[in-house]
Each structure stands twice: as structure tokens, then as C-alpha cells.
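Visitor: What follows is a structure written as C-alpha cells; I'll ask about it next.
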Amino acid sequence: MKLTILGGDGAWPSYGGACSGYLVEHAGFRLLIDPGYGVAARVGAAIDAVYVTHGHPDHCADLNPLLRRIDATEEKPIDVYAPAHALDQVLALDRPGWLESTYDLHEFTPGEAYAIGPFRATTVDLPHFLANAGIRLSAGGETIAYTGDTGPSDRLRELADGVDILLHEASYARTTDSEFLSTARVAGQTAAAAQAKNLILTHLFPTTDREEAMRAATSAYDGPVTIARPS
């Protein structure tokens, strides 16, 4: 599998940056995970499917320009996977019916498992302000896990167990009072407990100190750690 970071900012994009957006490729299949603000301009070639963890706009707003592009260029329709009703608002941005021919919507309940092209996708219900489905993707003997946005949860260990790459939300560096967001330190603890081979911190707020986030993660996890930045 090939992972390309298209964006990694949380809540709003930093200058010249983009919010959550991750392209996973295998056997010629291109899966876009979380088309947040600024991601559509970075996708490049046509994609085959989109997976959305939850309905906050920094994770799904750029689905609209992606669908507009498909309509204008007559690309093939894409499969879109999201928790039930997560995309109601973004799909209602344009006049009714205009973009319906550009996608096939597959709504699911977090916790379900299914195939997306060549990938085996296992979803995990994780705590957030909205229904949030972390995802574990396997193909070709490799596995990538992504939390979406999440607070502390015992299910994070299930999501991340033994993965090659763990993409873990880290809105803050070390501490937060929120039950629905995480820190770089928690990300490091999760990676260590799950014996993940690599940790990528993502969804850092533009105001979060990146160096402090790295120190927080590496104080809990001794494997390779990076911060999600557009490739």
C-alpha cells in the first residue's frame, strides 16, 4: 500500500496547508480518506472511492468540489462511504439532483467491516462530538489504521493492533479537557500499547506546537514518529 498525506491540519487549514486528507493506493485503486478543507486541489488524478470518518467539514467539505470536478470532466462515478447522515449537509450544498450521478453513497454504522476495492476495511466506533468511524485498512500484507477524530477509548488498541502505520489524531500536544479530542502523548501511548510499527500524528490544530507534540509522542513511544504534512 502507498500512503500519501494531502493534508493534516485540524479544524481549519494553516496558510498554504490543508485539513485532513489521505490517499491510499493499492493495485491501481485510489482511495481518498477524509476530503477536508483544501484537499480537493491536491488529489491529482481521478480517484475510485472516498471514505469519510465523520461529518465535520474539516474532514468532508472538499467532497463537494471533487464531485463538481467529476461532473465537469465526465470521470466515472465514485463510491462514497460514510456513517449514516454524516454527509447530509455537504451533499446539500448544490441544487438538488445536480451531482447525484457522480457518486454512489454507501452509509454504514461504525463497527461494520466490508471491502473497498482491494482493501479490507474494518471500522471502529470512536468517541467524538459526532458519530466517528476510525478505519483499519488491509491489503497486500500491510495494514494502515486511522482514528478520525477521537477522545480516549479502549477501542483505539483494537484499531491499531500491530499496524504498519497508525495515523492518530493529536489536536493537542500533552493535555486536553475534551472527552472527544486527543493529544500527541495519547497517540504515543496508543502506538506503544498496540505495537504499531510507525506513528503519524495528524489533525494538529495550527496553534499546536509541533515540536512539543513530537516530544510528547516520543516520550511514550520509541518507534518512528512523524507529523502529517502534505507530500
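Laboratory data are not the source of any read-out in this text; all were calculated from the coordinates shown. Computed from a predicted model, the values in this text were never measured in an experiment. Cβ sites come from the backbone with ideal geometry, for glycine too, and all protein chains shown count toward neighbours.
Visitor: Looking only at the range 184-211, which residues are within 16 Å of the chain's Cα centre (by Cα) and β-branched (Val, Ile, Thr)?
Guide: Of everything in the range 184-211, those that are within 16 Å of the chain's Cα centre (by Cα) and β-branched (Val, Ile, Thr) turn out to be Ile200, Thr202.
Visitor: Is there a residue being under 16 Å from Tyr146 (Cβ atoms) and within 14 Å of the chain's Cα centre (by Cα) anywhere in the range 67-81?
Guide: Yes: the range 67-81 contains one or more residues that are under 16 Å from Tyr146 (Cβ atoms) and within 14 Å of the chain's Cα centre (by Cα).
Visitor: Of everything in the range 195-231, what is in contact (Cβ under 8 Å) with a residue 40 or more places away in the chain and in contact with a Leu (Cβ under 8 Å, 6 or more places away or on another chain)? Give them in sequence order.
Guide: Of everything in the range 195-231, those that are in contact (Cβ under 8 Å) with a residue 40 or more places away in the chain and in contact with a Leu (Cβ under 8 Å, 6 or more places away or on another chain) turn out to be Ala196, Ile200, Thr202, Ala213, Ala217, Ile227, Ala228, Pro230, Ser231.
Visitor: How many residues are small (Gly, Ala, Ser) and either surrounded by 24 or more Cβ atoms within 10 Å (Cβ to Cβ) or closer than 19 Å to Gly8 by Cβ (or both) if we restrict to the range 179-206?
Guide: Total meeting the criteria: 6.
Visitor: Answer yes if at least one residue in the range 103-117 is under 22 Å from Asp58 (Cβ atoms), touching a Cys at 6+ places or on another chain (Cβ under 9 Å) and either assigned to a loop (DSSP other than H, G, I, E, B) or β-branched (Val, Ile, Thr) (or both), and no otherwise.
Guide: no
Visitor: Being within 18 Å of Ile200 (Cα to Cα), among the basic types (Lys, Arg) and surrounded by fewer than 16 Cβ atoms within 10 Å (Cβ to Cβ), is that true of even one residue in the range 1-8?
Guide: Yes, there is a match, as at least one residue in the range 1-8 is within 18 Å of Ile200 (Cα to Cα), among the basic types (Lys, Arg) and surrounded by fewer than 16 Cβ atoms within 10 Å (Cβ to Cβ).
Visitor: Among (1) surrounded by fewer than 20 Cβ atoms within 10 Å (Cβ to Cβ); (2) touching a Pro at 6+ places or on another chain (Cβ under 8 Å); (3) part of a strand (DSSP E or B), there is one condition Thr122 misses while meeting the rest; what is its number?
Guide: For Thr122, the failing item is (2).
Visitor: Would you mind stating whether Thr207 is under 21 Å from Thr53 (Cβ atoms) and polar (S, T, N, Q)?
Guide: Judged against the criteria, Thr207 is not a match.
Visitor: Of these, Tyr103, Tyr114, Tyr146, which one is closer than 24 Å to Ile47 by Cβ and in contact with a Pro (Cβ under 6 Å, 6 or more places away or on another chain)?
Guide: Result: Tyr103 is the single residue among Tyr103, Tyr114, Tyr146 that is closer than 24 Å to Ile47 by Cβ and in contact with a Pro (Cβ under 6 Å, 6 or more places away or on another chain).
Visitor: Under 6 Å between Cβ atoms, at least 6 apart or on separate chains: pull out the pairs that start in the range 71-94 with a residue that is among the aromatic types (Phe, Trp, Tyr) and end on any residue that is surrounded by 19 or more Cβ atoms within 10 Å (Cβ to Cβ).
Guide: Correct list of pairs: Tyr81/Tyr51.
Visitor: A further question follows. Those residues that are hydroxyl-bearing (Ser, Thr, Tyr) and either surrounded by fewer than 17 Cβ atoms within 10 Å (Cβ to Cβ) or part of a strand (DSSP E or B) (or both), I need them from the range 125-153; list them, please.
Guide: Passing the criteria: Ser138, Thr143, Tyr146.
Visitor: Out of the range 24-59, which residues are small (Gly, Ala, Ser) and in contact with a His (Cβ under 6 Å, 6 or more places away or on another chain)?
Guide: Across the range 24-59, the qualifying residue is only Gly36.
Visitor: For the subset of the range 85-100 comprising residues that are exposed (fewer than 12 other Cβ atoms within 10 Å of the Cβ) and of a type outside the set (Asp, Glu), which member is nearest to the chain's Cα centre (by Cα)?
Guide: Among those that are exposed (fewer than 12 other Cβ atoms within 10 Å of the Cβ) and of a type outside the set (Asp, Glu), it is His85.
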